[in-house]
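Structure record follows, encoded as structure tokens.
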Amino acid sequence: MHSFTRRQAIGGLSTALLLSAVPAHAAPAPVPQKVISVWYGLILDLVRHTPTYTPPVVSRTLGYAGVAVHEATASGRDDLLTLAGQLNGLAAGPVREAGAHDEALVLHAALGAVVAKLFFNTGPTGQRALKAVTDKLGAAIEAPLAPEVARRSRAYGEALAAHVVNWAAGDGGAEIVNLGFPEDHALTPGPAHWVPTNRIALQQKPLLPHWGANRTFAMPEGKSCRLPPPPAYSEDPGSDFYTEAMEVYEVSKTLTEDQRAIAAFWSDDAMLSRTPPGHWMSIALDALDAEGADQARYADVLVRLGIVLADAFIGCWQGKYEYDLLRPVTYINRLIDPGWTPILATPPFPEYPSGHSTQSGAAAEVLTALFGADHAFTDETPTIEGMAPRRFASFWAAADEAGISRLYGGIHYRAAIERGLDQGRCIAAYTNALKTGRT
Amino acid sequence: MRAALLLVLLAAPCSVHADDAPVVPTFAEETATSGIDHEYTGEWQYMVGGGAAAFDCDGDGRQDLFLAGGESPARLYHNDSDPGGALTFSERPSGLELDAVTGAYPLDVDSDGMMDLVLLRVGANSVMRGLGDCRFSAANEDWHFDGGDGWSTALAATWEKGASWPTIAIGNYIDRHEEFSPWGSCTDNWLHRPAEGGGFAAPLALTPSYCPLSMLFTDWNGSGTPSLRVSNDREYYEGGEEQLWHVEPGQPPRLYSAAEGWKALKIWGMGIASYDLKGDGTPDYFLTSMADHKLQELAPGADGAPDYRDMALAAGVTVQRPFTGGDIRPSTGWHAEFEDVNNDGYADLFVAKGNVSEMPDFAMEDPNNLLLQRPDGTFMETADKAGVASLSTSRGAVLADLNLDGLPDLVVVNRNGPAQVWRNRGPGGHWLNLRPHRDGANHDAVGGWIEVRTGERIQRRELTVGGGHVSGEAGWWHFGLGSAEAADVRVLWPDGTAGDWQTVPSDGFYRLTEGKPPERWTYSVP
């Protein structure tokens, strides 16, 4: 088992097709699963290296990429169903021309166009990598095809991508201003509410305050899994709120090495990692690779996971800005210990609920439905950043650990974690109810 | 600490502009008449780089200019400026007209009194030996300097104790041949140490390497042995961070660890500017990046550990977005340099800005910054008032007194656009330009310090080679004196000995030769 990386995904491609003396037309064409792996590997790299790609934005992109994969796949098979009419605002897509299509090229054309659009703002190195994959993977797929099959396949993939991209444009999340920190946002007055937690000028306003109003994918709206309020804000040492904050503080003073490792393992910082949704996508890609999944299985897993991650961030963000709760570091510095700092960098947005918890619960619930409740696995995702892999007995065991990691890290109170996981479970129910097959 | 500084400053003799509003000098752009017509060109492999070097290549006392060209040939421009006059240069065939040059640092490698130049390149780096009269020849082979085949983007140099040749650190960027997955492909930085008998030994790999865009040997803790600070571009590393290396004579280089107090910082590190802003004998470091920039000072209670805290927000130097021009997207910073441009006795800060390459989330019209320091340690943006808020895509720069009038002038290299030249027209207070000199190796006392005392206040400058963004200077070290008409000066030599305090009148150039009284230098027409 190894962590899913783009180097891994393109390894065979670059070695067999691009770097050797073997002419492309003489090498076997990549199968659809390989095409998906290469593009998802690139997505996960671009997530780490594209300036606006904070976790909510990552989840959105994974949602649309998954839909593109599913619709490309389902449109070529009689046993699969389109998600048009099941997902909010998704109309019926283009119809394939009569005649044979090459499924790898359909996928390549669709994913290439969707990724290029959603990562239009990646930097020069990302653009260079995008072009290299587009051109060279495309050439490798196309080499053995009859020209008419290639033309037809590419045309359909591109038309499908345009359909998905047009749908995405109206969801409220397409435009990210000032890297997601709107200058004109007014902070909520009062001691219970979020205030900046660092000295970074850009982050004196919170991240994406309107994300909770975005159009959802499978659940009806951002408030569909609305949480109850967090424990009432109080500075009374006898209050539930004070007790929660004191727990964060006291846990931080007695952290074991394993607890520190857990906090770091699930830290998944924006611009320094694949982020929490990318982390779960990496887990899923490893699972698919391990079972030798076929194209339909890839499509089912990727679309469901992408959708639930996107919905989870919308639902979570709705709660964050409804309650706009202050972070532990603010409360603890104010009332308990002015010099205290958590071991993780406090994310620049309100506390309740925990985003990692909501989306981890959502991901675990969907992956459990797809792979089973006892699917044990080794997660090597953060090994890219030099951390040791961790073994889990199930997806939910991983989600629970991801949730509690935020308490160990000193950035969330317990209520935000436990209720976040519950919220994720609720959101996942909408995704699990989607029909992707006819049986 | 700031409060304590403020009390000291209030007790000091009044400087000419020691109120809260520093006097803003006027910089007149003289690009069109300067004789400089040069661009740093190229696409992906030249998205970083674009350095300048200011140094005297013919011994006339004026600093000449070398400008990197990227895909175009680099150029050397001889400084023809009259003292106090317009900035004028003439292109000089020199042997430096190499292509693929990203930046350069002047350094008298063989201590022969003629300045050499180390060229950073995409491909093999080149050490160019100064022959006098602004001519140069390749010296890699003679000096056993392995130029490598990397994408070099940073340099720092020092003389380790007892060495007669310098130690040169070279920062290398990503593997330029990696097309599909360049992220995580940072190539090894190299440490070129002297060989027995002269020249250089085979380079040591500074592993791990994290794609630096600036390096600086600096005695951060006043120990007398400089460490190597490395500012790394987080865009490309995996598991990386900013770095500080122990570089002890005779020992392999070793990273400062968390156990020693080093705190992880992950930024798009692009440039380092250092200056002892508080006058306490330890340098502060300004780090350029994308969006927020950093100003690091040792944390209170650091107690000898390299425990830095960020003071950029408090000091007003986050410069995270354009301050003028209407583009409010985040900024991209490159070269940074402290210099007292209005001679009020407080080091000011210049930052070159420019989009990497069509990155739409960052400002495309990103004005350079000129931040004047107030006596309380905060800074005030004045680039627009001063006339240097260029919206070109800037990269490297030098701030140097090119026309010998005591006012630092400015040259900026722009990517795929003309380099720009500004003459500082003042007003400014009194000043000194000083140049230490010692016999033997390391003529220019790299690794030492100059101290300038006016009343109770002492300004300190560490004599370094490196930092900025692929841009370096050699020659006169500038100090503003405010209203002081004289100052006491001394050199703390690299071996740890302190020269005597000696009084010199203001507004002059002085050579500070070890063991001798200051010698006033005046320009004479060649």
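Here's the yes/no breakdown for (1) among the basic types (Lys, Arg); (2) in contact (Cβ under 8 Å) with a residue 60 or more places away in the chain; (3) within 21 Å of A:Gly437 (Cβ to Cβ):
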site	(1), (2), (3)
A:Ser59	no, yes, no
A:Thr73	no, yes, yes
A:Leu83	no, yes, yes
A:Gln86	no, yes, yes
A:Arg96	yes, yes, yes
A:Leu107	no, yes, yes
A:Lys117	yes, no, no
A:Phe120	no, no, no
A:Gln127	no, no, no
> Where in region B:480-524 are the strands (runs of 3 or more DSSP E), entirely inside, with at least 3 residues that are within 25 Å of the chain's Cα centre (by Cα)?
Replying inline: B:486-492, B:508-513
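Each row is one residue, and each column tells you yes or no for (1) under 19 Å from A:Asp258 (Cβ atoms); (2) in contact (Cβ under 8 Å) with a residue 60 or more places away in the chain; (3) touching a Pro at 6+ places or on another chain (Cβ under 8 Å).
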{"site": "A:Ala397", "(1), (2), (3)": "yes, no, no"}
{"site": "A:Ala402", "(1), (2), (3)": "yes, yes, yes"}
{"site": "A:Gly410", "(1), (2), (3)": "yes, yes, yes"}
{"site": "A:Gly420", "(1), (2), (3)": "no, yes, yes"}
{"site": "A:Gln423", "(1), (2), (3)": "no, yes, yes"}
{"site": "A:Cys426", "(1), (2), (3)": "no, yes, no"}
> Looking only at strands (runs of 3 or more DSSP E) that fall completely inside region B:82-143, which ones have 2 or more residues that are in contact with a Lys or Arg (Cβ under 9 Å, 6 or more places away or on another chain)?
Replying inline: B:101-107, B:116-123, B:135-138
> Does region A:232-243 contain at least one residue that is touching a strand residue (DSSP E or B) at 6+ places or on another chain (Cβ under 8 Å), away from every other protein chain (no Cβ under 14 Å) and assigned to a loop (DSSP other than H, G, I, E, B)?
Replying inline: yes
> How many of the residues making up region B:390-447 are part of a loop (DSSP other than H, G, I, E, B), under 30 Å from B:Ser111 (Cα atoms) and not small (Gly, Ala, Ser)?
Replying inline: 13
> Looking at (1) β-branched (Val, Ile, Thr); (2) away from chain A (no Cβ under 13 Å); (3) crowded, with 16+ Cβ neighbours inside 10 Å, which is the one condition that is false for B:Ile174?
Replying inline: (2)
>> Against the definition (among the small types (Gly, Ala, Ser), more than 25 Å from the chain's Cα centre (by Cα) and either outside any helix (DSSP H, G or I) or at pLDDT below 95 (or both)), how does A:Ser267 come out, yes or no?
In response: no
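Test B:Leu295 against the criterion of being buried (at least 16 other Cβ atoms within 10 Å of the Cβ), touching an Asp or Glu at 6+ places or on another chain (Cβ under 8 Å), within 13 Å of chain A (Cβ to nearest Cβ) and not in a loop (DSSP other than H, G, I, E, B), and give yes or no.
Details: buried (at least 16 other Cβ atoms within 10 Å of the Cβ): yes; touching an Asp or Glu at 6+ places or on another chain (Cβ under 8 Å): yes; within 13 Å of chain A (Cβ to nearest Cβ): yes; not in a loop (DSSP other than H, G, I, E, B): yes.
Yes.
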>> Being more than 13 Å from every other protein chain (Cβ to nearest Cβ), in contact (Cβ under 8 Å) with a residue 12 or more places away in the chain, of a type in the set (Ser, Thr, Tyr) and closer than 30 Å to A:Pro124 by Cβ narrows it down to one residue among B:Ser214, B:Ser227; which is it?
In response: B:Ser214
> Could you say which residue among A:Ser252, A:Ser267, A:Ser282 is hydroxyl-bearing (Ser, Thr, Tyr) and closer than 30 Å to A:Glu221 by Cβ?
Replying inline: A:Ser282
> Residue check: is B:Tyr236 within 12 Å of another protein chain (Cβ to nearest Cβ) and closer than 26 Å to A:Leu202 by Cβ?
Replying inline: yes
>> Take residues that are among the hydrophobic types (A, V, I, L, M, F, W, C) and in contact with a Phe, Trp or Tyr (Cβ under 7 Å, 6 or more places away or on another chain) and tell me which of the helices (runs of 4 or more DSSP H) falling wholly in region A:23-119 contain 3 or more.
In response: A:32-49, A:103-118
>> Pairs needed: first member in region A:188-204, closer than 22 Å to A:Ser354 by Cβ and more than 14 Å from chain B (Cβ to nearest Cβ); second member anywhere, among the β-branched types (Val, Ile, Thr) and in a loop (DSSP other than H, G, I, E, B); C-beta distance under 9 Å; at least 6 residues apart or different chains.
In response: A:Trp194/A:Thr188
> Are any of the residues in region B:485-492 closer than 20 Å to B:Phe217 by Cβ and of a type in the set (D, E, K, R)?
Replying inline: no
> Can you tell me which residues in region A:168-184 are part of a helix (DSSP H, G or I) and either loosely packed, with under 14 Cβ neighbours inside 10 Å or within 11 Å of chain B (Cβ to nearest Cβ) (or both)?
Replying inline: A:Ala169, A:Asn178, A:Leu179, A:Gly180
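If we keep just the residues of region B:82-127 that are of a type in the set (S, T, N, Q) and under 27 Å from B:Asn442 (Cα atoms), which is surrounded by the fewest Cβ atoms within 10 Å (Cβ to Cβ)?
B:Ser111
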>> If B:Glu337 satisfies all but one of (1) assigned to a loop (DSSP other than H, G, I, E, B); (2) buried (at least 22 other Cβ atoms within 10 Å of the Cβ), what's the number of the condition it fails?
In response: (1)
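The values are calculated or read from the model by the stated rules, or taken from the named source; none is laboratory data. On a predicted model such as this, the values are computed, not experimentally measured, just so you know. With ideal geometry, Cβ positions are generated from the backbone for all residues, glycine too; neighbour counts draw on all protein chains shown.
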